[in-house]
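Only one structure is covered here, and it is reproduced in the block below.
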Amino acid sequence: MHRNSSNLPDEVIDKIKEIELDYIEENLSKLLGRMRGGANRISKIVKSLQVFSSLDTAKVISVDIHVIMDSILLIIQPRLQNPLFQIQVIQDYGELPLVNCFPNALKQAIMNIINHAIHALEIKFYQNKYGVEQPTISIRTEKLENDWLGIYISDNGLGITEENCSKIFDPFFTTKPVSQGKGLGLSISYQIIVEQHEGRIKCISSPEKGAEFVIEIPI
C-alpha cells in the first residue's frame, strides 16, 4: 500500500487528505459523543465495583437494593446490547428503605436470574418468534407488609413449563446443552435468597408467554 501510494499523483493525494478531513469534520461530534458515553459507562461500572468492594461482605449490611440492581445492569450491558438485537429493560422501582443483606451474595443471586432471562430471550430471538415484539426484561420492586421487600424480574421469552418450574432451583437441573451450562446458577440464587437471607423465591411461567421470578426477602 505504501509503495503504491508513493506513486500517486499529488492531486490524488491532496483529494484523499481532503476527503479524510471532511469525514472527520462531519463525524467528530458523533465520535466524541461515543467516546464520552463509553467513558461515562466505564466510570459508572468502576464506581459500582468500588461500592461493593468497600463493603464487608462477611457481615449483614444495610444497602440500597436499587444500587445493587443498577450495578448489575451496568455489568451485563454487553449482553443487553447484542449486535443482532437489543434487549429493552424496564425499571419500575418503588420507594424502599435500606435492606439488611449480604450485598455481594444478593447481587450474585439477582444477576443469575437476569442472565437466565437473557438466555430465554436469546433463544426466542434465534427461533424467529418475536415478530414486531421487542425482547424485554422488566424489573419491579416494592415494599411489602411486615417489613418485607418484593423484587419481580420478568421476561417475554419462551417461558418455562410447569414441570420445569417445579425443578428449576434444583442443583444441576438445566434445559441447556451440556456444553452451555451446569445448572447451578438458579440453584445458587435459591440458596442465597432462601437459606442465607431467609427469604422466598418462586417462578411463575407458562410456555411461550415468558417467565417471572418473584423474590421476597425481609428488610
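Computed from the coordinates by the stated procedures, all read-outs in this text should not be read as laboratory data. Please read all numbers here as calculations on a predicted model, not as lab measurements. Neighbour counts run over all protein chains shown; Cβ positions are idealised from the backbone, glycine included.
Just the number: Rg to Rh for segment 60-219, Cα atoms, Kirkwood Rh, two decimals. Provide the component values of the computation, followed by the final result.
Numbers: Rg = 15.3 Å, Rh = 16.1 Å.
Expressed as Rg/Rh, it is 0.95.
Local charge sum around residue 215 (other residues, Cβ-Cβ under 13 Å, Lys/Arg +1, Asp/Glu -1)? Don't jump to the answer; show the numbers that get you there.
Numbers: positive: 107, 140, 200, 202; negative: 142, 198, 212, 216.
Result for the neighbourhood of residue 215: 0.
Please compute the net charge surrounding residue 92, taking Lys and Arg as +1 and Asp and Glu as -1 over other residues with Cβ under 10 Å from its Cβ.
Counting the neighbours of residue 92, the net charge comes to 0.
Applying a 10 Å radius around every beta-carbon, put 100-110, 140-150, 120-130, 155-165 in order of their mean neighbour count, most first.
Numbers: 100-110: 20.7, 140-150: 13.4, 120-130: 15.5, 155-165: 18.2.
Final packing ranking: 100-110, 155-165, 120-130, 140-150.
Sum up the charges of everything whose Cβ sits under 15 Å from the Cβ of residue 109, counting Lys and Arg as +1 and Asp and Glu as -1, but leave residue 109 out. Present the calculation step by step, with values, prior to reporting the outcome.
Values: positive: 107, 200, 202; negative: 195, 198, 216.
Summing Lys and Arg as +1 and Asp and Glu as -1 gives 0.
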